[in-house]
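Single-structure report; data block below.
The values are calculated or read from the model by the stated rules, or taken from the named source; none is laboratory data. Computed from a predicted model, the values in this text were never measured in an experiment. So basically every Cβ, Gly included, is an ideal-geometry build from the backbone, and we count neighbours across all protein chains shown. Areas reflect the complete protein model, heavy atoms only, side chains present, ligands, DNA and RNA absent. Shrake-Rupley method; radii C 1.70, N 1.55, O 1.52, S 1.80 Å.
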Amino acid sequence: MDIIWNSLRELITPTTAAYALAAIGLNVHFGFTGLLNFGQAGFVAIGAYGFAISVMTFGFSTPLAIAVTLVLAAGYALLLGIPTLRLRADYLAIVTIAAAEIIRFALNSSAFARWTGGANGLYNEYSGWLKDSNPYPEGVLTLGPWTFGSNDLWIATVDWIVVLLTAGAIYLLVGSPWGRVLKGIREDEHAMLSLGKNVNLYKLQALVIGGVIGAAAGILYVQPTSVQPFDFGTRMTFNMYTMLILGGAATVFGPILGSMIFWVVMRFTDELVNIGVEHGLFENVTQGSQLRFFLVGVALVLLVVFRPQGILGNRTELSFDAR
């Protein structure tokens, strides 16, 4: 039973919340608009580094650091979107993944280590505002079958409030005339052009909104930990797509459900690998971890084949036909 309870603890951790928020942003791009963005990790990296550098290097207050970070993400989305949104979906995917890799290599480079910390990243000297506002009593707190440190539980609380507020805003946006235009672009952008809609402008707006949400996820992601450039590789974007497809693309709560299930399964397989190492089934944890990702990949393939709309998705609104 310990394995199950330890795995279910992932339902409410800050990492699950941060990934859920990043997947919500990706859902605006891919699920609702049909933009094949394979560089969402780049927006998350801008959020993480933008906030940390604003606080640690420039001494900005927390609200100003958040505002500067979100403006940076919006600027990056404009810079990326204006020359590329006219491209076909496959070319757009190539451009976005390349842009995200450029960001990651730049952050990892020793040339900018004065600000980014290079390969060592940035130690956590930027989340004091969150810890100072912690209303929970100090020490270890019990929540149902789980125990949390006071700061960890407070960070998780703040993260999930942000996730739910963002989901509510997205619910209102996609139900508005603006949201219906996005869905129309996803289904047939030529039809929307014939109706007089400025398709590229709507795509650009969607890219900015989803990117800003991704940057906000980056701010949340690094609050309980340090900033490490290796966290923002292509695997992060791949994980977000897994969550999105699992929960249901083009649904408001699909990314949240997908993130919860994804991290519970990852923790559960982690626990199984540890048991396998203890009983000699694997030589070491690394060997078992490789098998874990293999099984997750197989599960994703089976999901796409047999239930492509995900758990909450509507098959008639399937968005894999991205243009």
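Within this structure, LEU87 fails the test of being crowded, with 21+ Cβ neighbours inside 10 Å, free of Cβ contacts under 8 Å to residues at least 60 places away in the same chain and under 28 Å from ARG180 (Cβ atoms). Of the candidates ALA216, ALA191, the single residue that is open to solvent by less than 30 Å² (accessible area, probe 1.4 Å) and either part of a helix (DSSP H, G or I) or at pLDDT 95 or above (or both) is ALA216. Condition first: more than 25 Å from LEU11 (Cα to Cα), outside any helix (DSSP H, G or I), of a type outside the set (Lys, Arg) and free of Cβ contacts under 8 Å to residues at least 40 places away in the same chain. Can you find one or more residues in the range 110-132 that meet it? No, there is no match, as no residue in the range 110-132 is more than 25 Å from LEU11 (Cα to Cα), outside any helix (DSSP H, G or I), of a type outside the set (Lys, Arg) and free of Cβ contacts under 8 Å to residues at least 40 places away in the same chain. Residues that are outside any loop (DSSP other than H, G, I, E, B), buried (at least 22 other Cβ atoms within 10 Å of the Cβ) and of a type in the set (S, T, N, Q) within the range 2-46 comprise THR16, ASN27, GLN40, listed in sequence order.
Looking at LEU70, LEU80, which one is under 19 Å from the mean Cα position of the chain (by Cα), modelled with pLDDT of 95 or more, open to solvent by 10 Å² or more (accessible area, probe 1.4 Å) and closer than 18 Å to ALA206 by Cα?
LEU70
Here the range 98-116 is the region considered, the condition is being under 17 Å from VAL44 (Cβ atoms) and not hydrophobic (A, V, I, L, M, F, W, C), and the residue that is least open to solvent (accessible area, probe 1.4 Å) is THR116. Scan the range 10-39 for residues that are of a type outside the set (Gly, Ala, Ser) and under 13 Å from ALA206 (Cβ atoms) and the total you get is 11. I'd like to know if the range 169-184 contains one or more residues that are under 30 Å from TYR136 (Cα atoms), part of a helix (DSSP H, G or I), open to solvent by 30 Å² or more (accessible area, probe 1.4 Å) and modelled with pLDDT of 95 or more. Looking through the range 169-184, at least one residue is under 30 Å from TYR136 (Cα atoms), part of a helix (DSSP H, G or I), open to solvent by 30 Å² or more (accessible area, probe 1.4 Å) and modelled with pLDDT of 95 or more. So which of LEU220, LEU207 ends up being touching a residue at least 12 places away in the same chain (Cβ under 8 Å) and within 20 Å of TRP160 (Cβ to Cβ)? Sole residue among the options that is touching a residue at least 12 places away in the same chain (Cβ under 8 Å) and within 20 Å of TRP160 (Cβ to Cβ): LEU220. Across the range 220-234, the qualifying residues are those that are open to solvent by 10 Å² or more (accessible area, probe 1.4 Å) and part of a helix (DSSP H, G or I), and the one among them that is nearest to LEU36 (Cα to Cα) is THR234.
Determine if the range 235-258 includes at least one residue that is surrounded by fewer than 19 Cβ atoms within 10 Å (Cβ to Cβ) and among the β-branched types (Val, Ile, Thr). No, the range 235-258 contains no residue that is surrounded by fewer than 19 Cβ atoms within 10 Å (Cβ to Cβ) and among the β-branched types (Val, Ile, Thr). Just to be sure before I move on: is TRP160 touching a Phe, Trp or Tyr at 6+ places or on another chain (Cβ under 6 Å), more than 16 Å from VAL227 (Cβ to Cβ) and in a helix (DSSP H, G or I) in the structure I sent? Here the answer is no, as TRP160 does not meet what is asked. Beta carbons closer than 7 Å, at least 6 apart along the sequence or on distinct chains, pair a first residue in the range 231-260 that is hydroxyl-bearing (Ser, Thr, Tyr) with a second that is open to solvent by 20 Å² or more (accessible area, probe 1.4 Å) for THR234/ILE97; THR237/PHE38; THR242/LEU300; THR251/LEU312.
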